[in-house]
Every structure is written in C-alpha cells, then in structure tokens.
Amino acid sequence: MASSEYILDARAVHAWYGSSHVLHGVDIQMARGETVGLLGRNGMGKSTLIRTLLGHVAQRDGHISLFGQDMSAARPYEVARLGVAYVPEGRGVFPNLTVRENLVMAARRGRDGRSDWSFDRVMETFPRLKERLTNLGAQLSGGEQQMLSIGRSLMTHPELIILDEATEGLAPLIVAEIWRVIGEIRQAG
C-alpha cells in the first residue's frame with residue numbers, strides 16, 4: 001500500500017525522554033476501517049508511541065504521516081485538527097465539570113462538516129451517562145469516566161480514535177460494555 005493510502009503511516013520513529021531513548025525505529029501503519037492493537041508488557045513503550053504519534057513527545061525523529069499529510073513535527077492541536085481523537089490513559093475527564101459539560105465542551109463538527117455523533121446519540125450509546133448528566137467527572141466510577149472520555153472524543157466527529165489503555169483497571173462487565181461500544185463505533189465507520 002502506498003503511504004497516501006494509510007490514514008496513519010509512521011516509519012523509523014524514535015523518541016526520547018531526556019537522555020532516555022525509548023522508541024527505537026518503530027514502524028506502524030493503519031488503513032481506513034482497520035483496527036490496530038498494541039500489545040506488550042508495562043514499560044514497553046506503547047503509550048510513548050501513541051503520545052509520539054500525537055505530537056505530545058517533543059524529542060522525536062522519523063516520519064509520521066496522518067491522512068497523507070506529514071505530521072512528523074506537528075503539535076498536538078495540529079493532529080487534533082486533522083480529526084484525530086485521543087482517549088488518554090487515566091481517562092482525562094474534567095473532574096469539576098458535569099457529564100453534560102464534559103461532552104458539550106468538546107462538541108464540534110468533523111473536518112468534512114459531519115455531525116453524526118450528536119449529544120443524543122452519545123446518550124443512546126452510553127445510557128449509564130444519561131443517568132448521571134449532572135454528576136461531576138470526579139463523582140463517576142472508573143468505567144463511567146472511560147465511557148465519558150470515549151463519548152467526549154466522539155463529539156469531535158473524529159476520523160481516527162486512539163485509545164490508550166481502554167479498559168485498564170475496569171470490572172469485567174464494564175470491560176465487555178466498552179468493547180461492545182468500540183465494536184459499534186467501528187461498524188459505524
């Protein structure tokens with residue numbers, strides 16, 4: 001596949017935290033409609049790779065292309081503007097905002113003007129959140145926070161969603177629910 005056919009094409013990616021060389025020439029590609037999982041023990045560089053691809057790691061080298069555009073030196077906001085949503089490890093909900101506020105503050109049309117992920121559709125997808133609209137982010141369980149974080153990313157109408165540790169530390173029933181929703185999102189395109 002040619003580089004322009006991938007929505008993500010990263011080649012020979014290196015990353016450093018200070019003098020620690022963490023990534024050593026990583027290659028990863030992803031085509032539209034494809035789901036990719038990174039597997040490995042703790043400390044193997046999975047989160048560092050994700051953060052490097054998104055522009056969060058300043059000390060980096062190699063070629064990173066998103067949707068055919070060179071993003072090797074891009075900042076995180078430039079990556080987000082291309083339609084990439086990030087659900088970080090630790091969920092990253094705003095603890096002092098309500099569920100409704102967490103969702104609404106992220107809402108915007110997609111790059112192509114799409115708005116198929118409305119507030120109501122997110123509520124249908126995550127009925128548990130509908131019951132907690134006035135709760136603060138800090139008042140939610142870990143599973144509810146993860147649902148909120150995924151819902152917030154959907155409100156941006158992304159072309160690509162990157163989840164870091166999507167189900168870490170969650171109860172088995174919540175894990176099953178999260179993976180069901182991720183499957184539905186994938187099916188919806």
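The values are calculated or read from the model by the stated rules, or taken from the named source; none is laboratory data. As the structure is a computational prediction, the values presented were derived from the model and not from experiment. So basically every Cβ, Gly included, is an ideal-geometry build from the backbone, and we count neighbours across all protein chains shown. Areas reflect the complete protein model, heavy atoms only, side chains present, ligands, DNA and RNA absent. Shrake-Rupley method; radii C 1.70, N 1.55, O 1.52, S 1.80 Å.
The set of residues in the range 82-105 that are under 30 Å from ASP70 (Cβ atoms), touching a Gly at 6+ places or on another chain (Cβ under 9 Å) and part of a loop (DSSP other than H, G, I, E, B) contains only GLY83. Given the criteria under 24 Å from HIS56 (Cα atoms), touching a helix residue (DSSP H, G or I) at 6+ places or on another chain (Cβ under 9 Å) and among the hydrophobic types (A, V, I, L, M, F, W, C), does MET123 qualify? Taking the combined requirement at face value, the residue does not satisfy it. Within the range 30-59, the set of residues being open to solvent by less than 40 Å² (accessible area, probe 1.4 Å), in a loop (DSSP other than H, G, I, E, B) and of a type outside the set (Val, Ile, Thr) comprises GLY45, LEU54, GLY55. Within the range 136-164, the set of residues being in a strand (DSSP E or B) and either modelled with pLDDT under 85 or more than 20 Å from ARG51 (Cβ to Cβ) (or both) comprises just one member, LEU136.
Of everything in the range 165-180 that is within 24 Å of ARG114 (Cβ to Cβ) and either among the β-branched types (Val, Ile, Thr) or assigned to a loop (DSSP other than H, G, I, E, B) (or both), the residue that is farthest from the chain's Cα centre (by Cα) is ILE178. You will find that of ALA58, ALA80, ALA31, ALA73, the residue that is under 13 Å from the mean Cα position of the chain (by Cα) and of a type outside the set (Ser, Thr, Tyr) is ALA80 and no other. Residue pairs whose Cβ atoms lie under 7 Å apart, sitting 6 or more positions apart in sequence or on different chains, and linking a residue in the range 83-104 that is touching a residue at least 12 places away in the same chain (Cβ under 8 Å) to a partner that is of a type in the set (Val, Ile, Thr) and in a helix (DSSP H, G or I), are VAL87/ILE150; LEU103/VAL122.
Would you confirm whether or not the range 7-20 contains a residue that is hydroxyl-bearing (Ser, Thr, Tyr), over 21 Å from the mean Cα position of the chain (by Cα), open to solvent by less than 80 Å² (accessible area, probe 1.4 Å) and over 22 Å from ARG186 (Cα atoms)? Outline the logic, then answer.
We begin by selecting, within the range 7-20, every residue hydroxyl-bearing (Ser, Thr, Tyr); these are 17, 19-20.
So of that shortlist, the ones also over 21 Å from the mean Cα position of the chain (by Cα) come out as 17, 19-20.
Now restrict to residues that are open to solvent by less than 80 Å² (accessible area, probe 1.4 Å): 20.
So of that shortlist, the ones also over 22 Å from ARG186 (Cα atoms) come out as 20.
For the range 7-20, residues hydroxyl-bearing (Ser, Thr, Tyr), over 21 Å from the mean Cα position of the chain (by Cα), open to solvent by less than 80 Å² (accessible area, probe 1.4 Å) and over 22 Å from ARG186 (Cα atoms): present.
Annotation: GLU144 fulfils all but one of (1) within 26 Å of GLY33 (Cβ to Cβ); (2) in contact with a Lys or Arg (Cβ under 8 Å, 6 or more places away or on another chain); the unmet one is (1).
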